[in-house]
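Every number in this text was worked out from the coordinates using simple rules, so none of it is lab data. Keep in mind it's a predicted model, so treat the numbers as computed, not measured. Here the Cβ is made from the backbone with ideal geometry for all residues, glycine too, and neighbour counts use every protein chain on show.
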Amino acid sequence: MDAEDVARLRIVISRLARQLNATSAGEGLTPTQASVLGMITFRGPLGLAELAELEGLNPTMVSRVVRKLDEDGLIRRVPDPSDLRAAHVEVTAEGAVVHERVRELRTRAVSECVERLPEETARQLLGALPAMEALAEELKVARAS
């Protein structure tokens, strides 16, 4: 495998992530806040330790992000029925709406860009989806081990 090609792939993935993350700024969210909100929306309710693990964040950062999202009314803390000293977080109705807007903005941004690409380039890009999904899963597995 060519190291230069792998480096180019890593750089492109990072650039894409940064550009997509910028779309959450319109909702007043940092990229990390948008990601945590999305995870809670998709997987919630979640305990803070599980959320930290899923997001790859340290517990202090998760606590700060959760506090901000809670203060903004996008998530709420609920008691853990099996351990009343612990809490889970779940999305609120307002949080679900904000998450959906961020998701739609990101999807629209990608769609508009793909539509402007030459047809063959767009076809190649969409054809690479299974390989990109496999790469994402492999990176997730590698990070967990």
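Can you give the FRET efficiency to the nearest 0.05 for residue 100 and residue 13, using r as the Cβ-Cβ distance and R₀ = 30 Å?
Calculated transfer efficiency: 0.75.
Helical runs assigned H by DSSP (4 residues or longer) give the chain a calculated mean residue ellipticity at 222 nm of -23000 deg cm²/dmol, each run adding -39500 (n - 2.57) before division by the residue total.
Across segment 24-98, Cα pairs under 8 Å and at least six residues apart give a relative contact order of 33 percent. Applied to segment 117-126, the Karplus parametrisation 6.51 cos²θ - 1.76 cosθ + 1.60 on θ = phi - 60° returns per-residue 3J(HN,Hα) values of 6, x, 3, 5, 5, 4, 4, 5, 4, 5 Hz, with x for Gly and Pro. Placing +1 on each Lys and Arg Cβ and -1 on each Asp and Glu Cβ, with no other charges, gives the chain a dipole about its Cα centre of roughly 340 debye. What number, in percent, do you get for the relative contact order of segment 3-144 if the mean sequence gap of Cα pairs under 8 Å and at least 6 apart is divided by its residue count? Reported as a whole number, the value is 21 percent. Rounded to whole Å, give me the distance from the Cα center of segment 76-140 to that of segment 4-41. Segment 76-140 and segment 4-41 have Cα centres spaced 10 Å from each other. Note: segment 44-85, Cα convex hull, 77 Å³ per residue. Taken along the Cα-to-beta-carbon direction at a fixed 7 Å, the label points for residue 124 and residue 4 span 1.7 nm.
Quote the FRET efficiency, to the nearest 0.05, computed for residue 83 versus residue 61 with a Förster distance R0 of 25 Å and r equal to the Cβ-Cβ distance. Each step should come with its number before you reach the end.
Details: r = 23 Å, r/R0 = 0.90.
It comes to 0.65.
Applying 0.36 nm per residue to the separation of residue 110 and residue 133 and subtracting their alpha-carbon distance, the gain on full extension is 6.6 nm. Counting every C-alpha pair in segment 31-145, the share spaced more than 24 angstrom apart comes to 41%. For segment 127-138, 3J(HN,Hα) computed residue by residue from phi via the Karplus equation (6.51, -1.76, 1.60; θ = phi - 60°) reads x, 7, 3, x, 5, 5, 5, 5, 4, 4, 5, 5 Hz, glycine and proline entered as x.
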